[in-house]
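Here the structure comes first, spelled out in structure tokens, and everything after it is commentary.
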Amino acid sequence: MKGMITKMEDFQNVFFIGVAGVGMSAIAQYLKGIGKEVSGSDRYFHPGEYNRTKEQLEAEGIHCFLQDGSGISDKTDLVVVSTAIEDTVFEVQKAKELGITIIKRSELLSIIAKSKKTIAVAGTSGKSTTSAMLYQILLDADLEPSIISGAGLTSIIKDGKIGNAAVGKGDWLIIEADESDGSVVQYEPEIGLLLNIDKDHQEIDELIELFTIFKKNTKGLFVVNQSNTLAKTLSANPQNDFGFENEDAGYSAQNFDQNGLSLTFDLHNQKFQMTSLGRHSVENAAAAIAVAHQIGVPLETCAASLSKYEGIYRRHQILGQKNGVWVIDDYAHNPAKCAASIRACQPLAEKVIAWFQPHGYGPTRFLRHDFVDEISNALRPQDEIWMSEIFYAGGTAVKDISADDLIQDIKTKGKNATFVEDRNNLLEALRPELKKGTVLLLMGARDPGLEDFCKNLYNGI
């Protein structure tokens, strides 16, 4: 067995099983950017078949292999697996036979985080957006930051890259600390940022336990959202915190106004303007400002930076307007996010038609009542919610719930709700509803086909 890997100097040649996944590809690109030898495989790579992620990784100098074991050799120092990779996978077995150290993605991210001055962004929603805003601010402040993100930044995607990682020469590294797999407790950041605590994959008491450990592990500044009931209970000092029109917070966004796709707010007498939607965007921006300002970035620089912030992939991504209908693609997938997303669209148009594809039978069953309550409360009398059947990635799940069950529950609350089992039939069913002055909001996560589905639907209007 090769030696234990606890720090960056312990390995040079690293192999990722499942390298095309968003979390894995980000770390792979970062390691390549700092001079490591990086390769990987993925079950989505097939002989003679084009794969955009594979092409983008290879353009960065990351060697891509089929998932057949050919990429792993006695030269490999370290094999990295995601939570989705079982021990039975042939490549895992080969790595074990060769005595190569195998670690999870989150363990490697924790080792990377210890090598930099790390800002870890945590919370049940908004992590990718806030990380991207903070990265943009530190970049514009000439601090040359690095980022390892859970979503592609539009500003980086424009250069033909995946967009979820960048290596800068400065000291600061921004990462997302994920609570869904419990890995948030593995990080010991310089700065910890807690955006919110809402019911998502786990029960509330489990989440509070995880974030309490995260707070304890943070070495320096700990910043929370004073406008989130549960997050604020973990505050270290309200003066360090942010909030939305919240007097307790040292960094409180005031005078919020939405005008079409432009929003404005004030913070510490500094005016801010962004191309974005909704209160949740303002909260995320206030979080990024609170951290940036406390490490020495002037508020004027924060304002100038956010005014040209371009957003991230599938986070309220505006696909465009056709025949008077705005089409917006969003990653929202838990009850609070779906409700916030609907509300953010309402100032844009007289009517919002929201479509949602839940993912996973277990999560949908667990969150059924929360989805029904949150979405019903967010819909105005004229708004509509449509759903297609639950996305299922495979495995042994018990299929004892349907998206139609949620639709029927929402109907009983007197809201406009429609089930279209096969999403490929959605556009035809929607056509009579798509009138001028409507926003069509498309929501869902985890399904790799959603991006193309949303684009094709927009093109078909």
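The values are calculated or read from the model by the stated rules, or taken from the named source; none is laboratory data. Bear in mind the structure is a predicted one, so any value in this text is a computation, not a measurement. In this analysis, Cβ positions are derived from the backbone assuming ideal geometry, glycine residues included, and neighbour counts consider all displayed protein chains.
Report, by residue number, each residue of the range 317-333 that is in a loop (DSSP other than H, G, I, E, B) and either crowded, with 21+ Cβ neighbours inside 10 Å or outside the structural domain of Met387 (by TED's automatic domain parsing) (or both).
Result: Tyr331, Ala332, His333.
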_Flag if Gly18 is touching a Leu at 6+ places or on another chain (Cβ under 8 Å), closer than 23 Å to Gly160 by Cα and not polar (S, T, N, Q)_ = no
*If we keep just the residues of the range 223-240 that are touching an Asp or Glu at 6+ places or on another chain (Cβ under 6 Å) and in a loop (DSSP other than H, G, I, E, B), which is surrounded by the fewest Cβ atoms within 10 Å (Cβ to Cβ)?*
Ser235
*Here are some conditions: (1) at pLDDT 95 or above; (2) out of contact with any helix residue (DSSP H, G or I) (no Cβ under 6 Å at 6 or more places or on another chain); (3) closer than 19 Å to Tyr331 by Cα. Glu374 meets all but one. Which one does it not meet?*
(2)
*Residues of the range 128-181 being assigned to a helix (DSSP H, G or I), over 24 Å from Asn228 (Cβ atoms) and modelled with pLDDT under 95, which ones?*
Thr154, Ser155, Ile156, Ile157
*So which residues in the range 216-240 are closer than 16 Å to Gln294 by Cβ and over 22 Å from the mean Cα position of the chain (by Cα), if there are any at all?*
Lys219, Gly220, Leu221, Ser235, Ala236, Asn237, Pro238, Gln239, Asn240
*asked:* Going by what's in this entry, would Ser25 be described as in contact with a His (Cβ under 6 Å, 6 or more places away or on another chain) and either assigned to a loop (DSSP other than H, G, I, E, B) or not assigned by TED's automatic domain parsing to the domain that holds Lys158 (or both)?
replied: no
*asked:* Between a residue in the range 273-290 that is touching a residue at least 60 places away in the same chain (Cβ under 8 Å) and more than 17 Å from Ile328 (Cα to Cα) and any residue that is hydroxyl-bearing (Ser, Thr, Tyr) and in a helix (DSSP H, G or I), which pairs come within a Cβ distance under 6 Å, given they are 6 or more apart or on different chains?
replied: Asn284/Thr129; Asn284/Thr130; Ala287/Thr130; Ala288/Thr130
*Look at Glu310 and say whether it is in a loop (DSSP other than H, G, I, E, B) and surrounded by fewer than 17 Cβ atoms within 10 Å (Cβ to Cβ).*
yes
*So Arg343, is it surrounded by fewer than 23 Cβ atoms within 10 Å (Cβ to Cβ) and within 20 Å of Ser281 (Cα to Cα)*: yes
*How many of the residues making up the range 412-461 are crowded, with 18+ Cβ neighbours inside 10 Å and polar (S, T, N, Q)?*
2
*Would you be able to say whether some residue in the range 248-268 is crowded, with 19+ Cβ neighbours inside 10 Å, in contact with a helix residue (DSSP H, G or I) (Cβ under 8 Å, 6 or more places away or on another chain), in a helix (DSSP H, G or I) and of a type in the set (S, T, N, Q)?*
no
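I need a count of the residues in the range 200-222 that are charged (D, E, K, R), surrounded by fewer than 18 Cβ atoms within 10 Å (Cβ to Cβ) and either modelled with pLDDT under 90 or in contact with an Asp or Glu (Cβ under 9 Å, 6 or more places away or on another chain) (or both).
4
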*asked:* Going by what's in this entry, would Ile401 be described as surrounded by 15 or more Cβ atoms within 10 Å (Cβ to Cβ), closer than 23 Å to Glu433 by Cβ and not polar (S, T, N, Q)?
replied: no
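So for the range 40-49 (the condition being touching a residue at least 60 places away in the same chain (Cβ under 8 Å), under 19 Å from Ile100 (Cα atoms) and over 21 Å from the mean Cα position of the chain (by Cα)), does at least one residue qualify?
no
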_Answer from Ala177, Ala165 - the residue that is farther than 21 Å from Ser307 by Cα, touching a residue at least 60 places away in the same chain (Cβ under 8 Å) and either in contact with a helix residue (DSSP H, G or I) (Cβ under 7 Å, 6 or more places away or on another chain) or charged (D, E, K, R) (or both)_ = Ala165
_Between Gly150, Gly182, Gly69, which is without any contact (Cβ under 8 Å) to a residue 60 or more places away in the chain, in contact with an Asp or Glu (Cβ under 8 Å, 6 or more places away or on another chain) and surrounded by fewer than 21 Cβ atoms within 10 Å (Cβ to Cβ)?_
Gly69
*Name the single residue, out of those in the range 335-360 being assigned to a helix (DSSP H, G or I) and of a type outside the set (A, V, I, L, M), that is nearest to Glu203 (Cα to Cα).*
Pro335
